[in-house]
Amino acid sequence: MTILWVPLSAALVMGVAAIATAWAQSRIGAAGAAALAEKPEVSTTVVIMIAIPETVAILGFVVAIMILLRGGA
Amino acid sequence: MILKMSRVRMIGPRDRLDETLSVLQDFGRVQLDRMPLAGGLQPVARNASGDRLRRALTRLREDADVAITLLHVPVTAVTAHPATRGEVARWARDARRLRRKAERLETRRKELDDERAVLGRYEDFLDAFSVLLAQLADAQHLRVYGVTVPAAERARVDKLADALRAELGVEVIVTTRTLPSNDVAVLIAVPAEARERMERAFGAARIAEVPLPAGYVEESLTQAAPRMLARLHDIPRLLDAVAHERADAATRAGDDLQLMRAAAADMLGAADATELSSVTAHAFAIEGWLPSGDVHALRERVSRSLGTGVVIEELAHEEWHGADAPVVLSNPRLFRPFEMVTSLLPLPAYGSMDPTPFVAVGFPMLFGIILGDVGYGAVLGGIALLLLWRAGPTSIWRRIAGIALPCATFSVIFGFLFGELFGTLGRQWGMRPILFDREHAIIPAIVAAVGIGVAHTALGLVLGMVSSRHEPRIAISRAVQLGMMILIILALLSAVHVLPSNLFGPFAITVLVGFPVLLFLEGIVAPIEFFSTLSSVLSYVRIMALGTASVLLASVANEMSGLFGSVIVGVLFGLLFHLVNFAMGLFSPTIHALRLHYVEFFKHFYSPGGRPYEPFRHRDGSAAATSRGSS
């Protein structure tokens, strides 16, 4: 049973984290593009803003790896 | 680093103000600033004549700038000289005339380009039927229609042709050709009296006639076609004539235009400088900023050019505020390209810390740890060397190469330590990881990434303590945060038995004692800030995540050669995958190394809000004349 649940849990963690990041980045990207059209000087802020939600995916990746390693898959 | 600035005051006889400003403009290193009015000092009064001259100069600079841009005058260094009012009036007329000419040529070029684009859409159709259209030109009793339909809808044309033949008889001529775009072009000729029935048939078949462009709509297709083709062949010659006229104007008037623009910019700068000066009935006084190292040179220059009549006094630091001083960054040659990275943020405040040296070391190091591959690093290094070889001395590509080269060096170094050459390809030739294998040793990689985070954050907190040395409360709170962070790490190491486990209690208790101290120093935001610092440390785990993802992708690329039936196809796919991974390997570490610096590292010590350094000097008058302070 562990053989099934461990990879499934890891996949779920990574998948949900990736979807959450994608959703956040889509919102920030759209708003950032609108802001850039009016104020090109905010480009740095926009790039950083877009990179911020990636932390969620990265932490999801780390947790997924932990599940795989600790779960013995 | 941020250069130390001095504020100087110059005093002299009023009738030598213009001469003094001219010397300062030649010297080019003093940023003039308005001085407090005291002791009978008054600002220099503006008059109507001066305002008229200023308006004329502004217009002259704008006209010359537009003409230079539209005539594509190559920018060269020019030395402007002060002009008389008569010269300014003559230049203004010349610049206006040249601007009008440049605008007329530009409008003509755009019109011809647009016309070529419109007629170009008919070119294939007209070429396909050129012979037939010429033959039908004399057949006055026939009316000719042109139609294009997508290849997939060819059946509709056949149906229309059958219907027309059935209704109008044998006089219907329907010819089809396949265009280079694969669309089907159809030419239909019917008796002129059948026009109404023809248009009804088009409507029934849901086919639209090709509309002729503006200027040809009153003519029939047979009349318009030869004219359109002739015009299409004529337009390149007309465009050449416009380009020739423009180049001729640029050659004849380019130097004059640049001289006018530079002189106007200089005179406007001098007028602005005059307004920043203060005068009494017999004397003038000017104040300004310059790097402290240049004060001696200024004294010598003024003494040599103006004699003892003009006195320079360096103001004591107590007489000015640091917030008013402009900021000049000065870094060693190797660090200077990284000013481009910090220039994406507002200038640091005067008296604070320039983060460029820390970015110059930290950015390539983090980049190298994330990419960590000898092969990719070598390719990046090759590209950087190529850029250094080909790019001009002031080109942005040279600065990019100056950043890429240290990044490549660190990538190669960490590639050796991780035993990676294009992923795991190096293992086939005996390459082995010295630190750890990033593909499998996930936990050591996480621990190493967090360790880097602790070190980088600790450095940020130490810099924060140094930069807020004049505000002891903030400096102490940074020190307490640093101490607590180290104690938490020590407690964790005790908990996992790396340190003696009996030390866990004392470490944990000391951390708990630190909280009230932080609360006392920083108020209610202290715990939030502390936990934000801890989360910053965890954010460095991205170094491991991106590095592992990179090595896994490289491994997939290497395994591709065996997945396809043909070795050649497999190798090609593998190379393509490596290319994609290399592109991602440049983009991802750049963004994340930047983010780790901007968000996690800078927040502990970076104080934005510096004034840019814009010295009073000769300018070329172009729009990009002002720049961020840098020496």
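Hey, can you grab everything whose amide H is under 5 Å from the amide H of B:ARG611? Only 5+ residues off in sequence or another chain; H modelled, so Pro and N-termini drop out.
Under 5 Å from the amide H of B:ARG611 lie the amide H atoms of B:VAL327, B:TYR350, each far enough along the sequence or on another chain.
Give me the one-decimal nm value for the distance between modelled label points at B:THR175 and B:ARG46, 7 Å along each residue's Cα-to-Cβ direction.
With each label placed 7 Å out from Cα toward Cβ, I get 7.3 nm.
With charges only on Cβ, +1 for K and R and -1 for D and E, what is the dipole size of the protein assembly as shown about its Cα centre, in debye, rounded to 20?
Taking the Cα centre of the protein assembly as shown as origin, the dipole is about 860 debye.
Take the Cβ-Cβ distance between B:ALA455 and B:ALA77 as r, set R0 to 45 Å, and report the resulting FRET efficiency rounded to the nearest 0.05.
Efficiency for this residue pair is about 0.45.
Farthest toward the dipole's positive end in the protein assembly as shown, which of B:THR356, B:PHE436, A:VAL63, given Cβ charges of +1 (Lys, Arg) and -1 (Asp, Glu) about the Cα centre?
B:THR356
Under a crude label model (7 Å from the Cα following the beta-carbon direction), how far is B:LEU512 from B:PHE587 in nanometres?
Using points 7 Å along Cα→Cβ, the separation is 5.0 nm.
Taking N as the number of residues in the protein assembly as shown, what is its Cα Rg relative to 2.2 N^0.38 Å?
1.37
Are there any trypsin sites (Lys or Arg not before Pro) in segment B:21-70 that are in a DSSP loop and have at most 11 other Cβ atoms within 10 Å? List them by number. Provide the component values of the computation, followed by the final result.
On the way: sites: B:ARG29, B:ARG34, B:ARG46, B:ARG52, B:ARG54, B:ARG55, B:ARG59, B:ARG61; in loops: B:ARG29, B:ARG34, B:ARG46.
Filter output for segment B:21-70: empty list.
Calculate the radius of gyration of the Cα atoms of segment B:261-325 to one decimal place, then report Dmax, the largest Cα-Cα distance, as a whole number, both in Å.
Expressed in Å, the Cα Rg and Dmax of segment B:261-325 come to 14.1, 41.
Within 10 Å of each Cβ in peptide A:43-51, how many partner chain Cβ atoms are there on average? Round it to a whole number, please.
4
Where does the Debye-calculated log10 I(q)/I(0) of segment B:406-462 sit at q = 0.25, 0.27 Å⁻¹, using only Cα point scatterers of equal weight, no solvent?
-1.02, -1.07
Expected output is a single nm value to one decimal: the length gained when fully extending between B:ILE524 and B:VAL361, i.e. 0.36 nm times separation in residues minus the C-alpha distance. What is it?
So the extension gain works out to 55.2 nm.
Pop out the Kirkwood hydrodynamic radius of segment B:273-388 from its pairwise C-alpha distances, inverse of mean 1/r, in Å to one decimal.
Result for segment B:273-388, one decimal place: 18.8 Å.
Please list, by residue number, everything in segment B:493-511 whose backbone N is under 12 Å from a paramagnetic label point 7 Å out along Cα→Cβ of B:VAL447.
The answer is B:493-494, B:496-499.
For B:LEU239 and B:ARG55, compute 0.36 nm times the residue count separating them, minus their Cα-Cα distance, and round to one decimal in nm.
62.6 nm
Return the distance in nm (one decimal) between the two label points of a simple spin-label model at B:SER566 and B:THR280, each offset 7 Å from Cα along Cα→Cβ.
So the label points at B:SER566 and B:THR280 sit 9.3 nm apart.
Taking GluC sites (Glu not before Pro) as candidate sites, keep only those in a DSSP loop with at most 13 other Cβ atoms within 10 Å, then name the longest stretch of chain B containing none of them. Intermediate results must be reported in sequence, preceding the final value.
Working: sites that count: B:GLU171, B:GLU218, B:GLU219.
That gives B:220-631 as the longest site-free run.
Using the Cα atoms as the points, what is the convex hull volume per residue of segment B:440-575 in Å³?
124
Across segment B:125-137, in residue order, what do the Karplus-derived ³J(HN,Hα) couplings come to in whole Hz, using 6.51 cos²θ - 1.76 cosθ + 1.60 with θ = phi - 60° and x for Gly and Pro?
Rounded to whole hertz, the list is 4, 5, 4, 5, 10, 4, 5, 5, 5, 5, 5, 7, 4.
Which listed residue (B:LEU290, B:MET365, B:SER468) has the Cα farthest towards the positive end of the charge dipole for chain B, taking +1 on Lys and Arg C-beta and -1 on Asp and Glu C-beta about the Cα centre?
Toward the positive end, the furthest listed residue is B:LEU290.
Would you kindly state how much longer the chain becomes between B:GLU193 and B:GLU123 on full extension, computed as 0.36 nm times their sequence separation minus their alpha carbon distance, in nm to one decimal? Mind dumping the intermediate values first?
On the way: separation 70, 0.36 × 70 = 25.20 nm, distance 2.90 nm.
Going from the current span to full extension adds 22.3 nm.
Check B:LEU142: other-chain or 5+ apart residues with amide H under 5 Å from its amide H, H built from backbone geometry?
When sequence neighbours closer than 5 places are left aside, the close amide H contacts are B:ALA192.
Show the residues, 5+ positions off or on another chain, whose built amide H is closer than 5 Å to the amide H of B:LEU32.
Close amide H contacts, sequence-distant or interchain: B:TRP289, B:PHE616.
Using bins 10 angstrom wide from zero, how does P(r) for segment B:87-245 break down, in % of all Cα pairs?
9, 31, 27, 13, 9, 6, 3, 1, 0
Give the total of Lys-Lys pairs in the protein assembly as shown with Cα-Cα distances below 29 Å; include a pair only if its members are 8 or more places apart or on different chains.
For the protein assembly as shown, the number of qualifying lysine pairs is 4.
Which value, in debye to the nearest 20, describes the size of the charge dipole of chain B about its Cα centre when Lys and Arg Cβ atoms bear +1, Asp and Glu Cβ atoms bear -1, and nothing else is charged?
920
Binning every alpha carbon pair distance of chain B at 10 Å from zero, what are the percents per bin?
Percent of pairs per bin, in order: 3, 11, 13, 13, 14, 15, 13, 10, 5, 2, 0, 0.
Once the Cβ-Cβ distance between B:ARG96 and B:ASP26 is put in as r, and R0 is 30 Å, what FRET efficiency do you end up with, to the nearest 0.05?
Efficiency, from the Cβ-Cβ distance: 0.50.
Read-outs: derived from the displayed coordinates by stated rules, not from any lab. All values derive from a computational prediction rather than experimental measurement. Neighbour counts run over all protein chains shown; Cβ positions are idealised from the backbone, glycine included.
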